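Reading through the structure tokens given below for one structure.
The values are calculated or read from the model by the stated rules, or taken from the named source; none is laboratory data. Small disclaimer: the values here were computed from a predicted structure and weren't measured. Cβ placement follows ideal geometry from the backbone for every residue including glycine, while neighbour counts extend to all protein chains displayed. SASA here: full protein model, heavy atoms, side chains in, ligands and nucleic acids out. Shrake-Rupley method; radii C 1.70, N 1.55, O 1.52, S 1.80 Å.
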Amino acid sequence: MTGAVIVTDAGFAADDWRGSRLPLGDGLPANAEAVDVVPVDDVATLAGHLDRLSLIRVAFPNSADGRGFTLARRLRAMGYRGRLRAAGHVLADQYAMARRAGFDEVEIDADLAARQPWEQWQARADWQAHDYQARLRG
């Protein structure tokens, strides 16, 4: 597999997004349908625009930077219901956390997919069964 690999609960897949994405830091034009967010971006600027965005892609510059998980929770709390993607240095061990934070999918490069095959991600794909916080609230 070359290029970006998309990880979902169902397995590895090629990236099927064909539209363009704009960096949030450049402002949000009226016709934008997808945006790239980096950890220092203020996602509050997306309020009022969330219903027209089909994809929000949140960058993870390294696996130790957890700000993307906070951004995902915040976007979902703001009412975003579209496709939310974590992109970059997300490890299989972080998959359950990514899903619980609100991400629908994770984008990794082919090298990481080769080092951490689907079986390692699949072991964490039953993320809802191990969500102790939801069980406590339930």
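Could you say whether any residue in region 105-116 is surrounded by fewer than 16 Cβ atoms within 10 Å (Cβ to Cβ) and of a type in the set (Gly, Ala, Ser)?
yes
In region 5-18, is there at least one residue being touching a helix residue (DSSP H, G or I) at 6+ places or on another chain (Cβ under 6 Å) and of a type in the set (Val, Ile, Thr)?
We begin by selecting, within region 5-18, every residue touching a helix residue (DSSP H, G or I) at 6+ places or on another chain (Cβ under 6 Å); these are 5, 7, 11-12.
Now narrow it down to the ones that are of a type in the set (Val, Ile, Thr): 5, 7.
Yes: region 5-18 contains one or more residues that are touching a helix residue (DSSP H, G or I) at 6+ places or on another chain (Cβ under 6 Å) and of a type in the set (Val, Ile, Thr).
Among (1) in contact with a Phe, Trp or Tyr (Cβ under 8 Å, 6 or more places away or on another chain); (2) open to solvent by less than 80 Å² (accessible area, probe 1.4 Å), which single condition is His89 missing?
Of the numbered conditions (1) in contact with a Phe, Trp or Tyr (Cβ under 8 Å, 6 or more places away or on another chain); (2) open to solvent by less than 80 Å² (accessible area, probe 1.4 Å), the odd one out for His89 is (2).
Inside region 70-86, can you point out the residues that are in a helix (DSSP H, G or I) and either open to solvent by less than 20 Å² (accessible area, probe 1.4 Å) or in contact with a Gly (Cβ under 8 Å, 6 or more places away or on another chain) (or both)?
Leu71, Ala72, Arg73, Leu75, Arg76
Could you check Leu136 against (1) modelled with pLDDT under 95; (2) on the phi < 0 side of the Ramachandran plot; (3) part of a loop (DSSP other than H, G, I, E, B); (4) loosely packed, with under 12 Cβ neighbours inside 10 Å and say which number it fails?
In the conditions (1) modelled with pLDDT under 95; (2) on the phi < 0 side of the Ramachandran plot; (3) part of a loop (DSSP other than H, G, I, E, B); (4) loosely packed, with under 12 Cβ neighbours inside 10 Å, Leu136 misses (3) alone.
Looking only at region 1-54, how many residues end up being open to solvent by 30 Å² or more (accessible area, probe 1.4 Å), under 22 Å from Pro117 (Cα atoms) and part of a strand (DSSP E or B)?
The qualifying residues number 5.
State yes or no: is Asp41 in contact with a Leu (Cβ under 7 Å, 6 or more places away or on another chain) and over 20 Å from Ala125 (Cα atoms)? Break it down into steps so the answer makes sense when it comes.
On the way: in contact with a Leu (Cβ under 7 Å, 6 or more places away or on another chain): yes; over 20 Å from Ala125 (Cα atoms): yes.
Criteria met by Asp41.
Within region 92-104, how many residues are open to solvent by less than 70 Å² (accessible area, probe 1.4 Å) and either in a loop (DSSP other than H, G, I, E, B) or basic (Lys, Arg) (or both)?
Residues that pass the stated criteria total 4.
What single numbered condition from (1) crowded, with 17+ Cβ neighbours inside 10 Å; (2) touching a residue at least 24 places away in the same chain (Cβ under 8 Å) fails to hold for Pro61?
Pro61 satisfies all of (1) crowded, with 17+ Cβ neighbours inside 10 Å; (2) touching a residue at least 24 places away in the same chain (Cβ under 8 Å) except (1).
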